[in-house]
1. Can you tell me what share of the DSSP beta bridges in region 103-219 is antiparallel? A percent to the nearest 5 is fine.
2. Can you send over the carbon and sulfur percentage of the accessible area for region 142-197, probe radius 1.4 Å, protein chains only?
3. Using only the Cα atoms of region 59-138, what semi-axes does the equivalent ellipsoid have when each is the square root of 5 times a gyration tensor eigenvalue? Give whole Å, largest first.
4. Any idea of the accessible area per residue across region 140-219, 1.4 Å probe, to the nearest Å²?
5. Counting pairs of Cα atoms in region 90-219, how many percent are more than 19 Å apart?
6. Gain in length, residue 65 to residue 136, computed as 0.36 nm per residue apart minus the alpha-carbon separation, to one decimal in nm?
7. Let me check I've understood the local charge: for residue 210, count other residues with C-beta under 13 angstrom from its C-beta, Lys and Arg +1, Asp and Glu -1. What total comes out?
8. Which value in nm describes the separation of the simple spin-label points at residue 184 and residue 219, placed 7 Å from the Cα toward the beta carbon?
Amino acid sequence: MKRIGIKREAIRDKLEKADAVRMKVMDEVKFIRSWAQNPLRTGAVAPSGPELASKMVSFLIPRPHSKIVELGPGTGVVTKALFDAGFSNLDLNLIEYSTDFCEHLGGRYPGLPVLQGDAYALRQTLSKPGGFLHEAAEANHVLDGIVSSLPLLNRPDVHRRAFVEEALQLLKPGAPLVQFSYGLAAPVKPLTRSVSVYSSEWIWKNLPPARVWVYRKAN
């Protein structure tokens with residue numbers, strides 16, 4: 001009986017691994033298809049790796065009634081890292097431009113608020129039904145963190161600066177805007193002396209290698 005149990009466990013483990021590989025391949029195919037249709041919006045040709053996703057989420061701390069916004073979730077690699085870190089559906093708003101990815105995320109994470117809209121119009125999109133700013137009494141300094149996979153380097157510098165400025169207005173003082181980038185320099189240079197910028201080490205296991213940049217505003 002013990003041998004039978006061990007064999008069943010081994011078979012179950014193999015099936016779980018095969019299912020994980022299948023899901024990864026499906027995600028990559030969906031990502032490549034989206035990139036081919038609109039490379040400027042998708043930015044990368046493959047989802048972020050789990051090491052990069054874990055590093056991004058490490059700058060966020062789960063607390064009661066947290067308000068965390070994820071931008072450009074794609075197939076949900078960073079979303080999974082957020083759940084693994086202890087965040088729940090109630091803590092999250094996801095903003096995704098692609099309707100295909102919105103449907104994919106809704107199917108993978110039932111009940112998760114996924115807002116179809118433009119992350120570069122952050123305040124407007126978060127004001128939609130289900131968003132943190134919908135019917136909110138206060139429109140500034142309400143978010144506990146923003147984690148972004150947006151392809152910022154595909155946008156003009158003026159658009160990038162406007163995005164960071166709006167994000168920091170919505171974040172509580174000291175709360176992080178977490179952004180990954182494949183570039184050698186910060187995707188957006190510090191706006192003022194009140195804004196700090198931190199860079200992680202290179203995540204070499206990600207393809208291509210990337211770094212995480214964290215923006216915070218004191219007040």
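The values are calculated or read from the model by the stated rules, or taken from the named source; none is laboratory data. Owing to the predicted nature of the structure, the values given are computational and were not obtained by experimental measurement. FYI the Cβ positions are ideal-geometry reconstructions off the backbone, even for glycines, and counts take in every protein chain you see. With ligands, DNA and RNA removed, areas are computed over all heavy atoms of the protein, side chains included. Shrake-Rupley method; radii C 1.70, N 1.55, O 1.52, S 1.80 Å.
1. Roughly 75 percent of the beta bridges in region 103-219 run antiparallel, per DSSP.
2. 57 percent
3. After diagonalising the Cα gyration tensor, the semi-axes are 18, 17, 11 Å.
4. 49 Å²
5. I get 52 percent for the Cα pairs in region 90-219 exceeding 19 Å.
6. Extra length available between residue 65 and residue 136 comes to 24.1 nm.
7. +1
8. Placing both labels 7 Å beyond Cα along the Cβ direction yields 3.8 nm.
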